[in-house]
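Working notes, beginning with the structure itself.
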Amino acid sequence: MHRESESFLFKYLNNTSPTGYETAGQKIWLDYLDPYIDDCLTDAYGTVVGIINPQAAYKVVIEAHADEISWFVNYITKEGYIYVIRNGGSDYQIAPSQRAKVHTDNSTIPAVFGWPAIHVREDREKAPKFDMEKIVLDCGCSSAEEVEALGIHVGSVVTFDADLITLNQNFLVGRGLDNRIGGFMIAEVVRKLHENKQKLPFGLYIVNAVQEEVGLHGASMIAHRLKPDLAIVTDVTHDTQSPLYNKIKQGDIACNKGPALSHAPSVQHNVLKMLIEVAQKNKIPFQRQASSSRTGTDTDAFAYSNAGVASGLISLPLKYMHTTVEMVHKQDIEHVIALIYQFLVQLDPQHSFSYFK
């Protein structure tokens with residue numbers, strides 16, 4: 001990996017970017033992208049768009065989402081313990097004994113999700129059921145007043161404390177790879193276009209959207225604003241090889257076998273066909289995935305915006321989604337970057353994706 005790229009990757013992934021509070025990460029992302037673009041724009045909720053050839057009539061979007069799951073402080077007891085609610089698809093099951101960070105206006109407060117020892121718990125003979133009443137955040141305070149003196153209040157955002165690491169040289173592991181690793185990949189596509197002096201015959205809009213984890217809201221807003229002709233979305237998908245996954249229900253997807261290309265109603269079939277042809281021509285490995293209705297990604301927001309936008313989805317296989325140990329293979333990252341890059345350099349803005357040609 002390019003040294004500058006690796007530095008950006010760790011800086012960007014280790015920054016917190018909770019849903020609704022993505023600004024700090026967006027600034028890091030845009031600073032990296034800035035030398036490679038002609039212009040940029042932002043919207044009221046924090047979605048950031050880098051633009052190449054803003055004067056071009058034909059508009060192509062490559063997109064990822066910038067937010068990660070997190071928690072909100074919901075109740076502070078008189079003894080200084082903190083109860084939380086989910087911000088996005090956070091999993092109560094994984095919270096006990098995790099280190100955390102409470103984000104205030106002026107600082108970051110370390111905390112832990114406390115959990116009593118097994119030999120003092122009444123439920124020690126059975127697996128406990130976790131919910132918002134079972135997990136408790138402890139920031140070392142003994143009263144509500146002491147908690148509030150730290151700047152913590154109802155609505156403060158909480159994230160897990162789990163920075164990015166490398167595992168066995170080949171895997172990246174951490175929280176929030178869903179889907180800030182996508183933001184990294186689309187930024188690398190743009191760096192590669194710039195360094196190879198590739199001139200595109202269309203406008204390229206590099207979108208890092210907010211609030212995907214709570215309903216695809218950022219993508220929906222920016223799709224209506226940009227009104228693109230074509231959208232290529234990247235997100236993560238489940239590696240289903242480890243125990244407890246059901247391949248009959250969830251498909252057969254594996255890390256280090258290339259990106260997954262989705263068949264779904266919101267995926268325009270001719271866009272998918274072109275992605276497959278580009279992958280085959282350039283010997284980029286890929287896997288196939290199917291969604292029975294919506295993909296659950298920003299693809300749906302773009303596809304069903306305005307009068308309909310021809311959209312495709314490229315998914316990065318990922319282990320242990322929505323945990324502190326999300327894992328992706330470095331080679332899959334490179335293959336996603338290569339596929340988006342090769343798709344763009346061969347794209348003719350006069351090409352019609354219509355089913356009725």
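The values are calculated or read from the model by the stated rules, or taken from the named source; none is laboratory data. These figures come from a predicted structure and were not determined experimentally. Positions of Cβ are generated from backbone atoms using ideal geometry, with glycine treated the same way; all protein chains shown enter the neighbour counts.
One residue is enough: does segment 77-94 have a residue meeting the conditions closer than 24 Å to residue 312 by Cα, among the basic types (Lys, Arg), touching a residue at least 12 places away in the same chain (Cβ under 8 Å) and in contact with a helix residue (DSSP H, G or I) (Cβ under 7 Å, 6 or more places away or on another chain)?
No, segment 77-94 contains no residue that is closer than 24 Å to residue 312 by Cα, among the basic types (Lys, Arg), touching a residue at least 12 places away in the same chain (Cβ under 8 Å) and in contact with a helix residue (DSSP H, G or I) (Cβ under 7 Å, 6 or more places away or on another chain).
What number of residues within segment 109-131 satisfy the criterion of being touching a residue at least 24 places away in the same chain (Cβ under 8 Å) and out of contact with any helix residue (DSSP H, G or I) (no Cβ under 7 Å at 6 or more places or on another chain)?
Adding up the residues that qualify gives 6.
Hey, does segment 239-247 have a residue that's surrounded by fewer than 21 Cβ atoms within 10 Å (Cβ to Cβ) and of a type in the set (Asp, Glu)?
Scanning segment 239-247, I find no residue that is surrounded by fewer than 21 Cβ atoms within 10 Å (Cβ to Cβ) and of a type in the set (Asp, Glu), so the answer is no.
Return yes or no: is residue 49 closer than 21 Å to residue 236 by Cα and either part of a strand (DSSP E or B) or in contact (Cβ under 8 Å) with a residue 12 or more places away in the chain (or both)?
For residue 49, the condition - closer than 21 Å to residue 236 by Cα and either part of a strand (DSSP E or B) or in contact (Cβ under 8 Å) with a residue 12 or more places away in the chain (or both) - is met.
Looking at segment 272-289, can you tell me whether even one residue there is modelled with pLDDT under 95 and surrounded by fewer than 24 Cβ atoms within 10 Å (Cβ to Cβ)?
no
Within segment 77-93, identify whether any single residue is among the aromatic types (Phe, Trp, Tyr) and under 24 Å from residue 218 (Cα atoms), and answer yes or no.
The answer is no, given that none of the residues of segment 77-93 is among the aromatic types (Phe, Trp, Tyr) and under 24 Å from residue 218 (Cα atoms).
For segment 66-116, name all the residues that are buried (at least 19 other Cβ atoms within 10 Å of the Cβ), of a type in the set (D, E, K, R) and in a loop (DSSP other than H, G, I, E, B).
67, the sole residue that qualifies.
So that you can scan it fast, the table gives a plain yes or no per residue for (1) in the same structural domain as residue 51 (by TED's automatic domain parsing); (2) small (Gly, Ala, Ser); (3) closer than 16 Å to residue 65 by Cβ; (4) touching a strand residue (DSSP E or B) at 6+ places or on another chain (Cβ under 7 Å):
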residue	(1), (2), (3), (4)
150	no, no, no, yes
155	no, yes, no, yes
167	no, no, no, yes
181	yes, no, yes, yes
190	yes, no, no, yes
194	yes, no, no, no
198	yes, no, no, no
203	yes, yes, no, yes
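What number of residues in segment 219-251 are aliphatic (A, V, I, L, M) and more than 22 Å from residue 180 (Cα to Cα)?
Of the residues in that region, 2 qualify.
Which residue out of 309, 336 is surrounded by 23 or more Cβ atoms within 10 Å (Cβ to Cβ) and in contact with a Phe, Trp or Tyr (Cβ under 7 Å, 6 or more places away or on another chain)?
It is 309.
Within segment 294-335, how many residues are under 23 Å from residue 91 (Cβ atoms) and among the polar types (S, T, N, Q)? Give the steps one after another, and end with the answer.
At the first step, the residues of segment 294-335 found to be under 23 Å from residue 91 (Cβ atoms) are 294-298, 300, 315-329.
So of that shortlist, the ones also among the polar types (S, T, N, Q) come out as 295, 297, 315, 323-324.
Result for segment 294-335: 5.
Examine segment 201-220 for a residue that is surrounded by fewer than 23 Cβ atoms within 10 Å (Cβ to Cβ), of a type in the set (S, T, N, Q) and more than 21 Å from the chain's Cα centre (by Cα), and state whether such a residue exists.
no
What about residue 258, is it modelled with pLDDT of 95 or more, among the small types (Gly, Ala, Ser) and under 28 Å from residue 9 (Cβ atoms)?
In short, yes.
Give the residues of segment 15-32 that are more than 22 Å from residue 217 (Cβ to Cβ) and surrounded by 16 or more Cβ atoms within 10 Å (Cβ to Cβ), sorted by residue number.
Across segment 15-32, the qualifying residue is only 32.
Taking the condition part of a strand (DSSP E or B) and in contact with an Asp or Glu (Cβ under 7 Å, 6 or more places away or on another chain), does residue 315 pass?
Yes.
Output yes when any residue across segment 213-222 is out of contact with any Leu (no Cβ under 8 Å at 6 or more places or on another chain), at pLDDT 95 or above, farther than 21 Å from residue 25 by Cα and of a type in the set (Gly, Ala, Ser), and no when none is.
Checked against the condition, which is being out of contact with any Leu (no Cβ under 8 Å at 6 or more places or on another chain), at pLDDT 95 or above, farther than 21 Å from residue 25 by Cα and of a type in the set (Gly, Ala, Ser), segment 213-222 yields no hits at all.
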